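Shown next, in C-alpha cells, is the structure this report addresses.
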Amino acid sequence: MKELLETVVENCRDSWRQGHVATYIPELAKARADATGIAVWDLSSGLSGAGDTDFTFTMQSVSKVVSLALALSECGEEKVFSAVGMDPLADPFNSIMRLEMDAPHRPHNPLINSGAIVVLSLLPWKESRDRMAAVSDMAARMTGRKAVAVNEAVYLSEKGTSDRNRALAWFLKSVGNLEGDIEDILDAYFRQCSLEVTCGDLAVLGATLAADGTNPVTGERVVSPRVARVVRTIMATCGMYDGSGEFAVTVGIPAKSGVGGGIAAAVPGRMGIGTCGPALDRKGNSVAGLAMLRRLSEELKLRIY
Ligand code: GLN
C-alpha cells in the first residue's frame, strides 16, 4: 500500500498548479499551495501514508460530517431532516440564491454552509462553548485523537470576514428556519471549521464511517451503524457540493471536501482515506485530492456503484 501511495503522490504532485488556495478567508491564503499528502486506514492492515502527511490544515467543511454525525446521534434523523433536506444542489456551497427562491427556504442538505449552520443550531447545548466542546469531542472520537484543537488564527480570520455566512444565517432566521442566538451559533460554526488535522486524521475519520461507526484505532463505537450509513450516503450525494455528480462518476466513493484543502473518504467495509492539497478548483475541492482519489480508486477498484 505504501508503495502505491508514493506513486499516487508522485503522479499527482504537480496538479496543484491547476488550482488556487482559498483567499476569501484571509488566513487560508497563507497555506502552502503545493502541499500534497495522502493517508489510508485500511480496515484489515492499518495506516499507510505518503507525501506531506505532517502537513496540518483546518477541516473547514469536512467538519460538517462531524456535526452531522453528532446531530443525528443526539437529535435523531426525523428532527435533523425536518430542518434540512437531503438533496444535492448544483449551486456553490455558500449560495444564497436557492435558499431564497425555494420555499420553504430550508437548506437543501446538511453539507452546504446554510445546512451546517442549521444542524449546529439543533444540538442540545445552548452555549456556543458547550456546543463546540461537543463537536470537537466528536471530532476527536472520529479521528482517534485525544483532542482536536481549533487553529485560532483561522477561526478569527473567518469570524472577521464571514459576511456571507452571516447573511445566510440571518436570512434563515428571518424566515423562521433558524432559532437561537445567531452570533453564538455562527461562532461555533467558525470554530468547528477551524479544527486542525492532518490527512492521517481524516483517514481515520473516514475509516470510522467505513466501519459502520466504530473507530478502528480506539475500538470505540462512536456512532450507530445507521448514523454511519446516513452520513456516508449524504457524503456520496452532497459531499463535493456541485462537483458531487462528477466525483461519483470519476471516483465513486462517499467523500467530503473542505476549503482548507482536505478530503475525507469512506469506502464501506474497506478503508478510510484522507488527502491534503490546499489548491482548490472553482467548486472549492482540492485539485491534488481529487487527482489522488481518482487514481487510487482506479488502482484499488474502490468504486461502490
Ligand atoms: N468555513 C468555510 C465557509 O464557511 C467552509 C466552506 C468549505 O469548506 N467549503 O465558507
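The values are calculated or read from the model by the stated rules, or taken from the named source; none is laboratory data. Treat the numbers as computed from the prediction; the structure is a model and nothing was measured. Quick reminder, even Gly has a Cβ in these numbers, built from the backbone with ideal geometry, and neighbours come from all protein chains shown. What goes into the accessible areas is simple: the full protein's heavy atoms, side chains included, and nothing from ligands, DNA or RNA. Shrake-Rupley method; radii C 1.70, N 1.55, O 1.52, S 1.80 Å.
General remarks:
- Test: PRO216 is out of contact with any Cys (no Cβ under 7 Å at 6 or more places or on another chain), more than 22 Å from THR53 (Cα to Cα), open to solvent by 10 Å² or more (accessible area, probe 1.4 Å) and not β-branched (Val, Ile, Thr): no
- Filter result (free of Cβ contacts under 8 Å to residues at least 40 places away in the same chain and β-branched (Val, Ile, Thr)) within the stretch 58-95: VAL84
- Screening the stretch 93-118 for residues that are within 13 Å of the ligand (Cβ to nearest atom) and of a type in the set (Val, Ile, Thr) and picking the one that is surrounded by the most Cβ atoms within 10 Å (Cβ to Cβ) gives ILE112.
- Leading residue by the ranking (surrounded by the fewest Cβ atoms within 10 Å (Cβ to Cβ)) among those in the stretch 122-175 that are among the β-branched types (Val, Ile, Thr) and within 16 Å of the ligand (Cβ to nearest atom): THR161
- For the stretch 244-282, filtering for residues that are out of contact with any strand residue (DSSP E or B) (no Cβ under 8 Å at 6 or more places or on another chain), within 21 Å of PRO110 (Cβ to Cβ) and within 14 Å of the ligand (Cβ to nearest atom) leaves 1.
- Which numbered condition SER224 fails, given (1) more than 16 Å from the ligand (Cβ to nearest atom); (2) crowded, with 20+ Cβ neighbours inside 10 Å; (3) of a type in the set (Ser, Thr, Tyr): (2)
- Those residues of the stretch 1-20 which are open to solvent by less than 30 Å² (accessible area, probe 1.4 Å) and either within 16 Å of the ligand (Cβ to nearest atom) or touching a strand residue (DSSP E or B) at 6+ places or on another chain (Cβ under 7 Å) (or both), in sequence order: LEU5, VAL8, VAL9, GLY19
- Subset tally (residues that are within 16 Å of the ligand (Cβ to nearest atom) and crowded, with 18+ Cβ neighbours inside 10 Å) for the stretch 30-70: 13
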